[in-house]
Amino acid sequence: MFGLIDCNNFYASCERVFNPALNGKPIVVLSNNDGCVIARSTEAKILGIPMGEPAYKLKELIEGNQVTVFSSNYVLYGDMSHRVMTTISEFAPEMEIYSIDEAFLLLEGFQHIDMKTYGKKVVRTVTRNTGIPVSMGIAPTKTLAKAANRFAKKYPNYKGVCVIDTDEKRGKALKLLDIGDVWGIGRQYATKLRYYSVNTAWDFTQRTKSWVRHTMGVTGERTWLELRGTPCIEMDRSTTKKSICTSRSFGERLTELEPISEAIANFAANCAEKLRKQKSLTSVLLVFIHTNPHATNQPQYSNQKVIQLPVATNDTTELINFALQGLKSIFEKGYRYKKGGVIVSEIVPERPLQGNLFDTKDREKFNKVMTVMDNLNASYGKQKVKIAAQGFDRKWKLKNEKLSPCYTTKLEDILEIKAEK
Amino acid sequence: MLNTSKIASSATIDFYSANTSSELALPLIEGGIVAGFPSPAQDYIDLKIDLNKALISNPSSTFYGRVKGSSMQDAGILDGDILVIDKSLEPQDGDTAVCFIDGEFTIKYIKIDPDAVYLIPANSKFQPIKITEENNFCIWGVVTYSIKNHKRKG
């Protein structure tokens, strides 16, 4: 069985932990430079505030409904995410962090445990310990766990946990699940499938395997099998649209900053390459390292650093630079590191419009530099990374007028507790 | 509580070596504490106190807050003190807790009666507060430690 835990309206929930007066009130969080809406509380969704809408267009709606607006505080969200993930990790032997607010759990060897009770315990513990409300879906495959999670969120009666563990429940759920909401089926395929009268996940599972393979290839076939209860997608699969993760176990245990830097630089470069390949930019980078949690006789260490980038980018030099800065701030001597990685999130498509700032020539140069950088980095590693890092000297001032304090990471910003009444 | 080694004692203070691998660590000044004491620290040079580990048993649910005001002064919690708050602990009757009531965070003793919850100040100038359904109220976290700067001036 797999579990999927997802934070409810994560960014809005982070703000509410330190401002409980906002419970039940509409909240929106804006992207870098206070541009567009990137997160909404349930109340804001009900008001009809769309995702991705530029803030200036929403002025009346926001003022008329007393919507509280926040600039994105990724330092806070990153720290809260780390707390949520650490709490979740205590509940299962294997966890895969899927995005800043989602994680899969591998629930093997749980045959004698009542899944509903277990799920409720996870949800209750995470919510109490971190203040972030979460929902959990439990099912025989990841795709079904995703679906179960949707229902756990949608129907209050489930109290945050939905278990799909029988064919009957699976059938019921799939009939209620729109084809466009199935994990792994993008907008284009959803349109195509609707054309063939496949409107729900159930309709999809009723088609033959060969039809699915013919129409959608092996990826579609995998989704089809998963929806029918046959697990095909294992833990650690790291392709996702919301974030790109490059992480590996080191060939040998590493103890020094230098070789780890080299690895991290390569992970960052890899993320940049993937971003360029899919023509997108990232604005948040996370770097993490940890020791081997199973080597209980050795000192354990695990840490991560979230960095909000000054501008959305897919520039290898920039990403390496930030990743190494992050690594430096979390690296501790005296441990045998097993694994590290770089995750980029808040991915947005490259827009030609943004090129306005540069003339064509500059852009061309930029791209050339990138290609050269990638090649050098692949062949020479660290030395060239150094050159790249030196080339980076942009200082952009971010506009984030509605930024909440970094309650959890800065001593000057911690909560003020009144003792005045 | 501390997984470390006592290296010296006097009538009022025990000395431990301190862990400096973490930001809150306290290093012990080498060799200079008791004249003529044969340094027993040499064998235990790697054992250090890590205040993070000693004071924080649940890092992922621990938050800090800063006190403003004097309503808990008789509990030794004064204006400007830093609070270590653990959200994972189930609030017990008599705990010192950070509560959220009607729009602001406050620190009080909590008294849990079968029929009501009371917030009790530690300062005779302040009155206990009975929580009613009218209040927008939650117990946000249990205070496990308070940290004060004894050299702070003004």
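FYI, it's all coordinate maths here, none of it is from the lab. Being a predicted model, the structure only gives us computed values, none of them experimental. Glycine gets a Cβ as well: all are built from the backbone with ideal geometry, and neighbour counts include every protein chain shown.
In the range A:154-179, which residues are more than 21 Å from residue A:229 (Cβ to Cβ) and free of Cβ contacts under 8 Å to residues at least 24 places away in the same chain? If you could, list the steps in order and put the result at the bottom.
From the range A:154-179, those more than 21 Å from residue A:229 (Cβ to Cβ) are A:154-157, A:159-160; that's our starting set.
Residues satisfying the conditions are A:154, A:155, A:156, A:157.
Out of all the residues in the range A:107-122, which are part of a helix (DSSP H, G or I) and either touching a residue at least 40 places away in the same chain (Cβ under 8 Å) or among the basic types (Lys, Arg) (or both)?
Residues satisfying the conditions are A:115, A:116, A:119, A:120, A:121, A:122.
Among (1) under 15 Å from residue A:80 (Cβ atoms); (2) in contact with a Pro (Cβ under 6 Å, 6 or more places away or on another chain), there is one condition residue A:19 misses while meeting the rest; what is its number?
(2)
From the list B:147, B:110, B:49, B:85, exactly one residue is over 30 Å from residue A:25 (Cβ atoms) and buried (at least 19 other Cβ atoms within 10 Å of the Cβ). Which is it?
B:49
Looking at the range A:87-101, which of its residues are surrounded by fewer than 23 Cβ atoms within 10 Å (Cβ to Cβ) and farther than 13 Å from residue A:119 by Cβ?
A:89, A:90, A:93, A:94, A:95, A:96, A:98, A:99
How many residues are more than 18 Å from the chain's Cα centre (by Cα) and within 13 Å of residue A:130 (Cβ to Cβ) if we restrict to the range A:77-119?
Within the range A:77-119, residues that are more than 18 Å from the chain's Cα centre (by Cα) and within 13 Å of residue A:130 (Cβ to Cβ) number 1.
With the requirement that a residue be over 17 Å from the mean Cα position of the chain (by Cα) and either without any contact (Cβ under 8 Å) to a residue 12 or more places away in the chain or more than 15 Å from residue A:116 (Cα to Cα) (or both), what does the range A:133-153 give you?
Correct list: A:141, A:144, A:147.
Looking at the range A:125-143, which of the residues that are more than 16 Å from residue A:17 (Cβ to Cβ) and in a helix (DSSP H, G or I) is nearest to the other protein chains (Cβ to nearest Cβ)?
A:142
Among the residues of the range B:115-125, is any at the interface with chain A (Cβ under 7 Å from one of its Cβ atoms), surrounded by fewer than 20 Cβ atoms within 10 Å (Cβ to Cβ) and of a type in the set (Phe, Trp, Tyr)?
The answer is no, given that none of the residues of the range B:115-125 is at the interface with chain A (Cβ under 7 Å from one of its Cβ atoms), surrounded by fewer than 20 Cβ atoms within 10 Å (Cβ to Cβ) and of a type in the set (Phe, Trp, Tyr).
Checking residue B:131 against (1) under 16 Å from residue A:20 (Cβ atoms); (2) within 11 Å of chain A (Cβ to nearest Cβ), which test does it fail?
All conditions pass for residue B:131, except number (2).
Looking only at the range B:134-148, which residues are over 27 Å from residue A:130 (Cβ atoms) and at the interface with chain A (Cβ under 9 Å from one of its Cβ atoms)?
Those that are over 27 Å from residue A:130 (Cβ atoms) and at the interface with chain A (Cβ under 9 Å from one of its Cβ atoms): none in the range B:134-148.
If residue B:57 meets every condition in (1) within 11 Å of chain A (Cβ to nearest Cβ); (2) part of a loop (DSSP other than H, G, I, E, B); (3) under 20 Å from residue A:126 (Cα atoms); (4) of a type in the set (Ser, Thr, Tyr) apart from one, which number is that one?
Single failed check for residue B:57: (1).
Mind listing just one residue for me: the one in the range A:9-45 that is in contact (Cβ under 8 Å) with a residue 60 or more places away in the chain and charged (D, E, K, R) and, of those, nearest to the other protein chains (Cβ to nearest Cβ)?
A:16
Under 8 Å by Cβ, and 6 or more places apart or on different chains, what pairs join a residue from the range A:293-312 that is under 21 Å from residue A:95 (Cα atoms) with one that is surrounded by 17 or more Cβ atoms within 10 Å (Cβ to Cβ) and of a type in the set (Gly, Ala, Ser)?
As it stands, the answer is A:293/A:302; A:304/A:78; A:305/A:78; A:305/A:326; A:306/A:78; A:306/A:81; A:306/A:326, since those pairs meet every condition given.
Having 1 or more residues that are of a type in the set (Phe, Trp, Tyr) and facing another protein chain (nearest Cβ under 10 Å) is the bar; report the strands (runs of 3 or more DSSP E) wholly within the range B:61-110 that clear it.
Of the strands (runs of 3 or more DSSP E) lying wholly inside the range B:61-110, those with at least 1 residues that are of a type in the set (Phe, Trp, Tyr) and facing another protein chain (nearest Cβ under 10 Å) span B:62-69, B:96-101.
Within the range A:191-223, which residues are among the aromatic types (Phe, Trp, Tyr) and either touching a strand residue (DSSP E or B) at 6+ places or on another chain (Cβ under 6 Å) or in a helix (DSSP H, G or I) (or both)? Spell out the reasoning first.
Kept after step one, since they are among the aromatic types (Phe, Trp, Tyr), are these residues of the range A:191-223: A:195-196, A:202, A:204, A:211.
A:195, A:202, A:204, A:211 - these are the residues of the range A:191-223 that are among the aromatic types (Phe, Trp, Tyr) and either touching a strand residue (DSSP E or B) at 6+ places or on another chain (Cβ under 6 Å) or in a helix (DSSP H, G or I) (or both).
Are there any pairs with C-beta distances below 7 angstrom linking a residue in the range A:324-348 that is away from chain B (no Cβ under 14 Å) and more than 17 Å from residue A:100 (Cβ to Cβ) to a residue that is among the aliphatic types (A, V, I, L, M) and surrounded by fewer than 18 Cβ atoms within 10 Å (Cβ to Cβ), with the two at least 6 apart or on different chains, and if so which?
Taking only residues 6 or more apart or on different chains, the pairs are A:324/A:389.
Criterion first (touching a strand residue (DSSP E or B) at 6+ places or on another chain (Cβ under 9 Å), at positive phi and of a type outside the set (A, V, I, L, M)) does residue A:48 satisfy it?
No.
Identify, by number, the condition in (1) out of contact with any Leu (no Cβ under 6 Å at 6 or more places or on another chain); (2) without any contact (Cβ under 8 Å) to a residue 60 or more places away in the chain that residue A:230 doesn't meet.
Exception for residue A:230: condition (2).
Given (1) surrounded by 20 or more Cβ atoms within 10 Å (Cβ to Cβ); (2) in a helix (DSSP H, G or I); (3) away from every other protein chain (no Cβ under 14 Å), where does residue A:188 come up short, assuming only one miss?
Only one criterion is unmet by residue A:188, namely (1).
Report yes if residue A:88 is closer than 24 Å to residue A:289 by Cβ, β-branched (Val, Ile, Thr) and more than 14 Å from chain B (Cβ to nearest Cβ), otherwise no.
It is false that residue A:88 is closer than 24 Å to residue A:289 by Cβ, β-branched (Val, Ile, Thr) and more than 14 Å from chain B (Cβ to nearest Cβ).
Inspect all residues belonging to the range A:108-121 and state whether any of them is buried (at least 24 other Cβ atoms within 10 Å of the Cβ) and under 30 Å from residue A:246 (Cβ atoms).
No: zero hits.
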